[in-house]
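**Q** The structure is given below, and queries will be raised subsequently.
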Amino acid sequence: MDKLVIEGGVPLSGEVVISGSKNAVLPILAATLLTDEPCIIKGAPFLRDTNTMLKILRSLGKDYSFHRDNIVVTSSKTHNFVADYKLVSTMRASFCVLGPLLGKLRKAKVSLPGGCIIGIRPVDLHLKGLRQLGTDIDIEGGYVVAKAKNLKGASIYLGGEFGSSVLATDNIMMAAVLAKGKTIIESSACEPEVVDLAEFLIKMGAKIRGHGTPTIEIEGVKELHGAEHKIIPDRIEAGTFMIASLITKGNITLRNVNIQHQSALLDKLKEAGATIHKDGDCLTVTAKRQLKPVNVTTLPYPGFPTDMQAQMMSLMSVTPGISIITEKVFQDRFMHVAELNRMGARIQREGPHAIIEGVKRLSGASVMASDLRASASLVLAGLVAKGKSTVSRIYHLERGYENFDEKLRRLGARIWREKE
Ligand code: UD1
């Protein structure tokens, strides 16, 4: 296993091309289970998670080729409806094969994704919605065993204790497109990745309206056909490079950004004093003066993304003054706090809040990545810390960032891999 070694202190500059969105490509790949015809997915990021989803598809009877950023998914002769524990347990997004398997085959056996380092991540909303479409669901030996003689459209309220759910909305939508009659999902997630999935399903012949709003309407159709689709840019990867520019007092231009998807983050960065220049799908982010602390609360889209919380915390750790970050989506998503403090940050946790007292400088240390976005926050901290940092367990990073260290190196970072 590799670890990353970083020698901090270099202002990053230059251009970086943002890859396709991880959270969009995974459910879109799952949606290919809804048809036996070939599907072409363009702009796909080459990630550990993409490959895990492709392995799951293969185990369910699909074939695929993955060249450059193009994936072609075709069907082999057999259909399997069991998604194995070994694959599902490594990636929560694999749970979204449940909806399309039910839609197409009217039966599915999918391993429960299990606990996760960022807190309890239940699936009650997924199951509630699918039950309302007429599915019988049992939990047997750690698997969700689902059967539906007839899937029937229904009115489903999908709001949970912590707001809407991205993957539950995806799962219900993918089952409902082949259900009989009309489904209305209220309190559906509005994330751009949900919209991208809906757009792909529409290209496959689905009838969907209202995606991107809290009420999605679906008129079931008999069958779907193959389609070609280009994945939206990854807004979290883009956000991470924006912070890389600011934290190192650099000057990075990001290409292939959907600026409309970045409103909450850009608003906060501007409030902190960042200079942001937009030009088509390019964005240049610089800190021309000392940044100011800002308070951030994570919320479902269009609020500030929880997936940018850890990276924002790294930036605030070196921004003089006090800032408060409140996590409202995953209340235990603070594993990075202890590791940032090892690097000299002053962060105190109080329930769902992190109180950050900005320090003049961080100092390099050996730290351990606990989850995907926490890993990114540690790399960002390493880029600005004095001396050498090592970030171990970087397989988390490889799950969600395409060539992260290489992209940073091209911007001037002193970052390399070593064997653990
Ligand atoms: C997706 C994203 C993840 C992001 C998260 C929130 C993918 C592959 N992953 O995860 O990167 O951090 O959205 O933006 O797209 N909840 C329930 N019951 C459920 C489902 C969820 O209570 O059945 C709760 C969760 O515990 C959490 C909140 O709802 O507190 C939002 O989670 P959810 O939107 O479901 O996250 P994911 O879809 O798993």
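The values are calculated or read from the model by the stated rules, or taken from the named source; none is laboratory data. From a predicted model like this one, the values you see are computed outputs, not experimental measurements. Neighbour counts run over all protein chains shown; Cβ positions are idealised from the backbone, glycine included. Just the protein is used for accessible areas: all its heavy atoms, side chains included, with ligands, DNA and RNA removed. Shrake-Rupley method; radii C 1.70, N 1.55, O 1.52, S 1.80 Å.
**Q** Go through segment 376-402 and count every residue that is under 19 Å from the mean Cα position of the chain (by Cα), of a type outside the set (Val, Ile, Thr) and not in a loop (DSSP other than H, G, I, E, B).
**A** So the count comes out to 10.
**Q** When only residues in segment 34-54 that are more than 16 Å from the ligand (Cβ to nearest atom) and touching a helix residue (DSSP H, G or I) at 6+ places or on another chain (Cβ under 7 Å) count, which is farthest from Gly99 (Cα to Cα)?
**A** My answer is Cys39.
**Q** Go through (1) among the aliphatic types (A, V, I, L, M); (2) more than 16 Å from the ligand (Cβ to nearest atom); (3) open to solvent by 30 Å² or more (accessible area, probe 1.4 Å) and name the single condition Ile243 misses.
**A** For Ile243, the failing item is (3).
**Q** Scan Glu223, Glu193, Glu199, Glu219 and give me the residue that is surrounded by fewer than 15 Cβ atoms within 10 Å (Cβ to Cβ), of a type outside the set (Ser, Thr, Tyr) and assigned by TED's automatic domain parsing to the domain that holds Ala31.
**A** Only one candidate qualifies: Glu223.
**Q** State yes or no: is Leu299 under 19 Å from the mean Cα position of the chain (by Cα), within 15 Å of the ligand (Cβ to nearest atom), open to solvent by 70 Å² or more (accessible area, probe 1.4 Å) and of a type outside the set (D, E, K, R)?
**A** yes
**Q** Considering only segment 376-399, how many residues are open to solvent by less than 10 Å² (accessible area, probe 1.4 Å) and at pLDDT 95 or above?
**A** 11
**Q** What's the number of the condition Thr183 fails, among (1) polar (S, T, N, Q); (2) assigned to a strand (DSSP E or B); (3) surrounded by fewer than 19 Cβ atoms within 10 Å (Cβ to Cβ)?
**A** (3)
**Q** Moving on to the next point. Can you pull out every residue in segment 159-197 that is more than 17 Å from Leu33 (Cα to Cα), of a type in the set (D, E, K, R), within 14 Å of the ligand (Cβ to nearest atom) and touching a residue at least 40 places away in the same chain (Cβ under 8 Å)?
**A** Glu191, Glu193
**Q** Return a yes/no flag: does segment 279-296 have any residue that is within 16 Å of the ligand (Cβ to nearest atom), buried (at least 17 other Cβ atoms within 10 Å of the Cβ) and in the same structural domain as Val257 (by TED's automatic domain parsing).
**A** Yes, there is a match, as at least one residue in segment 279-296 is within 16 Å of the ligand (Cβ to nearest atom), buried (at least 17 other Cβ atoms within 10 Å of the Cβ) and in the same structural domain as Val257 (by TED's automatic domain parsing).
**Q** Could I ask something else about it? May I ask you to say which residue of Arg349, Arg373 is part of a strand (DSSP E or B) and either among the basic types (Lys, Arg) or more than 21 Å from Gly163 (Cβ to Cβ) (or both)?
**A** The unique qualifying residue is Arg349.
**Q** Can you find a residue in segment 289-296 that is free of Cβ contacts under 8 Å to residues at least 24 places away in the same chain and closer than 27 Å to Gly9 by Cβ?
**A** Looking for residues that are free of Cβ contacts under 8 Å to residues at least 24 places away in the same chain and closer than 27 Å to Gly9 by Cβ, one finds at least one in segment 289-296, hence yes.
**Q** When you go through Lys22, Lys77, Lys62 one by one, which is the residue that is within 16 Å of the ligand (Cβ to nearest atom) and either open to solvent by 60 Å² or more (accessible area, probe 1.4 Å) or at pLDDT 95 or above (or both)?
**A** Result: Lys22 is the single residue among Lys22, Lys77, Lys62 that is within 16 Å of the ligand (Cβ to nearest atom) and either open to solvent by 60 Å² or more (accessible area, probe 1.4 Å) or at pLDDT 95 or above (or both).
**Q** Also: For the list (1) open to solvent by 10 Å² or more (accessible area, probe 1.4 Å); (2) within 30 Å of Arg373 (Cα to Cα); (3) modelled with pLDDT of 90 or more, I need the number of the one condition that Leu105 fails.
**A** Unmet condition: (2).
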